[in-house]
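No value in this document is a laboratory result; all are computed from the given coordinates. Model, not experiment: these values are computed from the prediction. Note: ideal-geometry Cβ built from the backbone for every residue, glycine included; neighbour counts use all protein chains shown.
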Amino acid sequence: MTCLEIRGFQIWKDNLDVAEQKVLVAAVRRLVKVAPLRQPDTPYGRPMSVRMTSAGTFGWHSDRRGYRYTSRHPDGMEWPAIPQEILAIWDRVTGLARRPDCCLVNWYDEGARMGLHQDRDEADFTWPVVSISLGDDGLFRIGNQTRGGTTESVWLASGDVVVMGGGARLTYHGIDRIRFGSSRLLSQGGRLNLTLRVVT
């Protein structure tokens, strides 16, 4: 396991072995049965290319009213608890006593992407965001704390874990594309990304 540091992002390559990855995929499948994946709209009225759901006290949501955290799934039910298998990754890479109160699950099918953005809907930016990659490779692009300027990119593979804290916490980042079919973890291909956040 190696750690790359790019613009303050700690990128832990091969943090999870295949057995651990399979355990997380099974946990996500149970979660999705309770809180189904949805394809949200942006505030501009266009659908995102990713599908998403959440677990925890809060879930992240987007529609024409804007970006925000909610206490309930768009279908009306409370969000399920964050699986302990996922929380264990947070514990391992952060060493923090405070645990996240949201796990956002993003599903990237072939052609899906996520434009450069900041994670700034949380109340306190001193807490890190932890990102877990499962399935197909994703081309992760890292920008700056303001829009524009040069960027750097790195491929995230299944089992990689990224910690966004400190000066990197409000740095723009995104996924330009996935290398569809590059992993055998998910039987039909695609990429799962789990991001753990302290909301309040």
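Which of the following residues is surrounded by fewer than 18 Cβ atoms within 10 Å (Cβ to Cβ) and among the hydrophobic types (A, V, I, L, M, F, W, C): 134, 156, 170, 192?
Only one candidate passes the filter, namely 170.
Could you please let me know if residue 126 is within 27 Å of residue 96 (Cα to Cα) and among the hydroxyl-bearing types (Ser, Thr, Tyr)?
yes
Can you find a residue that is more than 17 Å from residue 119 (Cα to Cα) and within 18 Å of the chain's Cα centre (by Cα) anywhere in the range 69-76?
Yes, the range 69-76 has at least one match.
Which residues, taken from the range 48-84, are touching a helix residue (DSSP H, G or I) at 6+ places or on another chain (Cβ under 8 Å) and surrounded by 14 or more Cβ atoms within 10 Å (Cβ to Cβ)?
Hits for the range 48-84 are 53, 55, 80, 83.
What residue, among those in the range 95-119 that are assigned to a loop (DSSP other than H, G, I, E, B) and among the small types (Gly, Ala, Ser), is surrounded by the most Cβ atoms within 10 Å (Cβ to Cβ)?
Going through the qualifying residues, I end up with 112.
Hey, can you tell me all the residues within the range 160-190 that are of a type in the set (Ser, Thr, Tyr) and touching a strand residue (DSSP E or B) at 6+ places or on another chain (Cβ under 7 Å)?
Within the range 160-190, 171, 172, 182, 183 qualify.
Show the residue pairs that are 6+ apart or on different chains and have beta-carbon atoms under 6 Å apart, the first residue being within the range 126-154 and under 13 Å from residue 11 (Cα atoms), the second being of a type in the set (Lys, Arg) and not in a strand (DSSP E or B).
Listed pairs, sorted by first residue: 142/7.
How many residues, within the range 120-131, are buried (at least 19 other Cβ atoms within 10 Å of the Cβ) and of a type in the set (Gly, Ala, Ser)?
Adding up the residues that qualify gives 1.
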